[in-house]
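The values are calculated or read from the model by the stated rules, or taken from the named source; none is laboratory data. This is a predicted model, so every value here is computed, not measured. Counting neighbours? That spans all protein chains shown, and the Cβs are built from the backbone with ideal geometry, glycine included. Ligands, DNA and RNA are excluded from the accessible area calculation, which covers all protein heavy atoms including side chains. Shrake-Rupley method; radii C 1.70, N 1.55, O 1.52, S 1.80 Å.
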Amino acid sequence: LSCALDKSLFLSNPPRMKISVTGRSGRMGQTVIAAIETEAATSLHATHDSGEDLSCALSDADVVIDFTLPILTDELLATAVEKKVALVIGTTGHSEVQKQAIVEAAHSIPIVYASNFSTGVNLLFHLTQKAAAILGNEVFDIEVTEMHHRHKVDAPSGTARTLLDILNEETATSYENEVTHGREGNAGPRPSKEIGMHTLRGGDVVGDHTVMFAADGERFELTHKASSRLTFASGAVRAALWLKGREAGLYDMQDVLGLK
């Protein structure tokens, strides 16, 4: 379907949203395509893979959903802005420079940029913020764990980074100074404001995330486990539909789900 228009789009009443997908051969790309094909309000407009013409794939699309690698992001942003195509970005592992480029592109087009498109994970973000605001990190020690399949290249996961950003904001700590990645040897007593981050990789795990608040005599845990990539793909399609008619700006799944 690369750059091939779906003629049924012009016959549907009302017209279906035309969605292009990058990373056609990837596991998430394939799952997003399946999610589009099961949603009555959307239609697969075109697909793109490495080495193909991105401009062609985005031409006349309403939205493009991107779950690829950061190496494609610069070209994707430039092409989407040129073609005035809305973006749903699920790619993780961006540099700070690339994150700023996404912010700049959002001045011209509407973008949903999220580390995780699962409804359950976004509820986890919401509940983590509430728990951190109530429990703090003076009495409770905070630890975060995440596990993904053996093929995942970035660590910690984008979802874990979002959790850490939430925790840092609510506890007045910073990723650079208070987050500790694992422990080894004679690490000494745990600093009171430290936030532990532990990354696991193995097998075909789709995505597990836990935030733990531990104090003397009690422990409070928030956990989300994904067993299918379809939950992320369906969330991305939901985000694409939500973008219809939106003004240029940078949004996330908290906006899409009305959690803000």
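See the values below:
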item	result
Two-decimal ratio, region 72-136, of alpha-carbon radius of gyration to 2.2 N^0.38 Å	1.37
Relative contact order of the chain, pairs being alpha-carbon contacts under 8 Å that are 6 or more residues apart, as %	21
The chain - mean residue ellipticity at 222 nm from DSSP helices (-39,500 (n - 2.57) per run, n ≥ 4, rounded to 500)	-10000 deg cm²/dmol
Per residue accessible area in Å² of the chain, where ligands, DNA and RNA are left out and the probe is 1.4 Å	49
Carbon + sulfur, % of accessible area of region 98-146 - ligands and nucleic acids excluded, 1.4 Å	58
Integer Hz, Karplus 6.51/-1.76/1.60 couplings in order for region 21-26, x for Gly and Pro	10, 8, x, 3, 8, x
Cα-based radius of gyration of region 126-190 once divided by 2.2 N^0.38 Å, which approximates compact folds	1.21
Region 8-107 - percent relative contact order, Cα under 8 Å, separation 6 or more	26
Global geometry of region 109-220, whether rounded, prolate or oblate, following the gyration tensor of its Cα atoms and the 1.5 cut on a/c	oblate
Lysine pairs meeting the criterion (Cα under 21 Å, 8 or more apart or interchain), as found in the chain	16
Karplus-derived HN-Hα couplings along region 215-220 (A = 6.51, B = -1.76, C = 1.60, θ = phi - 60°), whole Hz, x at Gly and Pro	10, 4, x, 7, 9, 10
Integer Hz, Karplus 6.51/-1.76/1.60 couplings in order for region 90-102, x for Gly and Pro	x, 5, 10, x, 5, 6, 4, 5, 5, 4, 5, 5, 5
Computed E for Asp53/Lys130 - FRET, C-beta separation, R0 45 angstrom, nearest 0.05	0.45
Between helix 73-83 and the chain: long-axis angle, C-alpha atoms, 0 to 90°, nearest 10	40
Alpha carbon centroid spacing (whole Å) that separates region 13-62 from region 65-79	14
Of (i) 59, 41, 31; (ii) 65, 33, 33; (iii) 45, 41, 38, the label for Cα extents along the principal axes in Å derived from the coordinates	(ii)
Rounded to the nearest 20 debye, dipole of the chain from Cβ charges on Lys, Arg, Asp, Glu	740
Relative contact order of region 186-226, defined on C-alpha pairs under 8 angstrom at six or more residues apart (%)	30
Carbon and sulfur %, accessible surface of region 160-244 computed with the full protein complex present, 1.4 Å	47
Gyration tensor over alpha-carbon atoms, region 55-183, equivalent ellipsoid semi-axes in Å	32, 15, 14
At R0 = 30 Å, FRET efficiency that the Cβ-Cβ distance of Ser174 and Ala78 yields, to 0.05	0.40
